[in-house]
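What follows is calculated from the coordinates using simple rules that are stated; it is not laboratory data. Small disclaimer: the values here were computed from a predicted structure and weren't measured. Reconstructed Cβ throughout: ideal geometry from the backbone, glycine too, with neighbour counts over all protein chains shown.
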Amino acid sequence: MQLQIDQLYTHREKLQKKHGEKTLFAIHGAGCIQKPDICFIFMNPTGKNISAVKGWKWIRAPRLGTKNVRKIFFATHIISKTTYDQIQNMKANERTENFAEQLYKEIADKKIYITNLAKCTQADARPLKDKVFKDYLTYTMEEIALLQPKHIISLGNQVSSILLHKPIRVSEYKNNDHETLTIDNTTYKVYPTFYPVGQGMRNMPLAIERIQKIKKPTSL
């Protein structure tokens, strides 16, 4: 099963050298790559992602090595309880390429794709300036055009504002409220949503509630 789109790898690796930690690799989107029901767009990866290190032999995919965001994917039925429990109980040295493959095949089977607006891996979770995200915007548009997702969930004010080219406050969007984004004459629904990890942990229940309402019409 192919889980990533490889057309844009070269551009992203060049931007990793420009914006990212020099000892780490860029992280690329992964999951269902053919008309997914939902494309999640997060901010940027950090060094906590185990697939960003040299020597990793499988795909370099988002959120590998981070536990909190998996609470959302479990609560919204994107991953099973068995997988969620395995992640929560897993030690760092148990996060293997085989487990990563199993996880992303499960996510792809649910017709979900996960990516970051900026693919440059940072050593820590310090905020990135808008200009860094804007350097990736053209490639993100190409990524979306290749995916052709039914729905896009943009996480956080900064990501949503840059993606939609206007100021966005996610707190103003309820239920199935959304914006539209047109790429190559195709219009996509974009749902700005609270960023649910890091400083946004307090908003996780709100993010879960909104994602559940967005997912419901897609009959996942």
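Roughly how many Å is it from the Cα centre of the stretch 17-49 to that of the stretch 136-194, as a whole number? Cα centres, the stretch 17-49 to the stretch 136-194: 16 Å.
Bridgeable aspartates and glutamates around Lys18 (alpha carbons under 19 Å apart, same-chain partners fewer than 8 residues away excluded): Asp124, Asp130, Asp135.
Computed from the C-beta positions of Glu101 and His165, the FRET efficiency with R₀ = 25 Å rounds to 0.10. Once backbone amide H atoms are built at 1.01 Å from N, Tyr188 has Leu181, Thr182, Ile183 as its partners under 5 Å, excluding neighbours fewer than 5 places away on the same chain.
Quick check: convex hull over the Cα atoms of the stretch 9-218, volume per residue in Å³, rounded to an integer?
Per residue, the Cα convex hull of the stretch 9-218 comes to 114 Å³.
In this structure, the pairs whose alpha-carbon distance is over 18 Å, taken from Lys111/Lys150; Lys14/Lys119; Lys54/Lys134; Lys71/Lys110; Lys129/Lys189, are Lys54/Lys134; Lys129/Lys189. Scattering from the C-alpha atoms of the stretch 13-111 alone, worked out with Debye: what is log10 I(q)/I(0) at q = 0.25 1/Å? The calculated log intensity ratios at q = 0.25 Å⁻¹ are -1.52. Highest average first, the peptides 201-207, 39-45 ordered by how many other beta carbon atoms sit within 10 Å of their residues are 39-45, 201-207. One decimal place: the segment His77-Asn176 gains 33.8 nm when fully extended, by the rule 0.36 nm per residue minus the C-alpha distance.
Relative contact order of the chain, taken over Cα pairs closer than 8 Å and 6 or more residues apart, is 25 percent. Our coupling estimate for the stretch 136-149, obtained by passing each phi through the Karplus curve with A = 6.51, B = -1.76, C = 1.60 and θ = phi - 60°, is 9, 4, 4, 6, 5, 4, 5, 4, 5, 4, 6, 6, 6, x Hz, Gly and Pro reported as x.
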